[in-house]
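Following: one structure in structure tokens, then a few remarks.
What follows is calculated from the coordinates using simple rules that are stated; it is not laboratory data. Everything quoted here is computed from the prediction, not taken from an experiment. Cβ coordinates were reconstructed from backbone atoms using ideal geometry, including for glycine residues, and neighbour counts include every protein chain displayed.
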Amino acid sequence: MIPVSAVSLPPRAHELVAEVLASGQLAQGPMVAEFERLVAEICGVEHAIAVTNGTTSLEVALEALDVGPGDEVVTSPFTFVATLNAIIGSGATAVFADIDLDRFTMDAEATAACITPATTALMPVQLYGQAAEMGVLMALAARHDLAVVEDAAQALGASIDGVQVGSFGVGSFSFYATKNVTTGEGGALTTNDAELADRIRLLRNQGMRARYDYAEPGHNLRMTDLAAAVGIPQLEDLATITARRSANAEHLSAGLAGLEGLALPRVASGCTHVWHQYTVRVTPDAPRSRDEVAAALAERGVGSGVYYPRVVFDYDCFRDHPRVRTTPMPNAQQAADQVLSLPVHPGLGPAELDRVVEAMVEVWRG
Ligand SMILES: *Cc1c(COP(=O)(O)O)cnc(C)c1O
């Protein structure tokens, strides 16, 4: 079976982990500091703060920006549930701007239409490894004095118009097992705002300024040096990892071009894509439904994934939630019905990619 994602760690990750084990300093220390330096360098920002995961990262971003009860946060209806959970957890109300079906990110015009006097933040999601329309969204945020939290969990290293994701507003990243860079579990925030970075560092460590000197109530969101040691070599190699993913995406797109009713992923103008996922849409013009295609691929030993099968709030626990504003999201609904992600990870060689293409062509021939 060709899996839709696979983790492969360079030998240096093993060496660095062994170093940490030998040092006896397993909790946050010099490895985390180096991990943060590399994340800041990749994002072109002054400050990166490593945390436990991509969800706590979103949560602490909202907390540090004082987003809470009475506030409205506009986000994408087509995302992993963590985005929504973080907004609900802050006490704010989640409002949704439908997506653009070409890039799968929240549409700038739809976002503008969601803004009310209660709106205090935008939370665009840089889905599948590609940036949202950040230029337009940042201008909108400036006009209405809104904070911006980028859920860039899937897009470390991506850019738009030469600017890295994570450097527009407060960037939030995840280093979960399936992400382009992994520490098993992990997250990071990025910002150019020194005061905000300081507040996030405080909140990460019990609100503690110096030992047993508490500036405000906080949390324990610290990453361990063990986790950072796993991630450092991947951050150092990110350009190579991304180049491999891009080459794999090109290989797939060349092989799949022309299949009836299959919409291939597109790189939006001005964007560099890091191909966290290679996601096609199986439209009604295709000979089989999306779910039939996935099943037929599995029979042929090709893994695939549906990210995500439903609009994020299309569950009883959110539909009936007083702080989730549900309105029809036709584009997000269409995406949920049609998307299928194919294997694109850097561990795949040309022969495996050809197998993915051949399986798809066979499924189309019927
Ligand atoms: C993975 C992911 C998160 C959450 O990150 P975790 O590290 O799993 O907590 C948030 N948003 C998006 C879009 C993600 O893909």
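Before anything else, pin down the relative contact order of the stretch 162-208: Cα pairs under 8 Å, at least 6 apart, normalised by residue count, whole percent.
On the way: 47 pairs, mean separation 13.5, N = 47.
That works out to 29 percent.
Tell me, what does the Kirkwood hydrodynamic radius of the stretch 61-150 come to in angstroms if you use every pair of distinct C-alpha atoms? Before the final figure, lay out each step's value.
On the way: mean 1/r = 0.0786 Å⁻¹.
The answer is 12.7 Å.
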Worksheet item: In deg cm²/dmol and to the nearest 500, what is the mean residue ellipticity at 222 nm of the chain if only DSSP H runs of at least 4 residues count, each as -39500 (n - 2.57), divided by the residue total?
Response: -12500 deg cm²/dmol
Practice prompt. Round to the nearest 0.05 the FRET efficiency obtained for L26 and A210 when R0 = 25 Å and r is the Cβ-Cβ distance.
Written response: 0.65
Discussion item. What distance in nm lies between label points placed 7 Å from Cα along the C-beta direction at S253 and A295?
Written reply: 3.2
Worksheet item: Using modelled backbone amide H atoms (1.01 Å from N, in-plane), which distant-in-sequence or interchain residues come within less than 5 Å of E72's amide H?
Response: T93, T119, T120, A121
Worksheet item: Dividing the alpha-carbon radius of gyration of the chain by 2.2 N^0.38 Å (N being the number of residues), what value is obtained?
Response: 0.99
Worksheet item: If you count, for each residue, the other Cβ atoms within 10 Å and average over each peptide, how do 213-224, 19-30 line up from highest to lowest?
Response: 213-224, 19-30
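Order the peptides 76-87, 313-324 from the highest to the lowest mean number of other Cβ atoms within 10 Å of their residues. Please list the in-between numbers first.
Values: 76-87: 24.5, 313-324: 13.6.
Output ranking for 76-87, 313-324: 76-87, 313-324.
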Worksheet, complete the sentence: Here the stretch 225-236 yields Karplus 3J(HN,Hα) values (6.51, -1.76, 1.60; θ = phi - 60°; whole Hz; Gly and Pro given as x) of 5, 4, 5, 4, 5, 5, x, 3, x, 5, 5, 4
Fill in: HN-Hα J in Hz across the stretch 49-66 - Karplus 6.51, -1.76, 1.60, θ = phi - 60°, x for Gly and Pro
10, 7, 9, 5, 6, x, 7, 5, 4, 5, 4, 6, 4, 5, 5, 5, 8, 6
Discussion item. Give me the one-decimal nm value for the distance between modelled label points at D145 and R266, 7 Å along each residue's Cα-to-Cβ direction.
Written reply: 3.8
Response to the item:
Taking a crude spin-label model, label points 7 Å out from Cα along the C-beta direction, the R319 to R288 distance in nm is 3.0
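Pulled fully out, how much extra length does the chain show between R12 and E362, if you take 0.36 nm times their separation in residues and subtract their Cα-Cα distance?
Details: separation 350, 0.36 × 350 = 126.00 nm, distance 4.05 nm.
Gain on extension, R12 to E362, equals 122.0 nm.
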Worksheet entry | ³J(HN,Hα) computed for each position of the stretch 101-115 - Karplus, 6.51 cos²θ - 1.76 cosθ + 1.60, integer Hz, glycine/proline x | 6, 7, 10, 6, 10, 5, 6, 5, 5, 4, 5, 4, 5, 8, 6
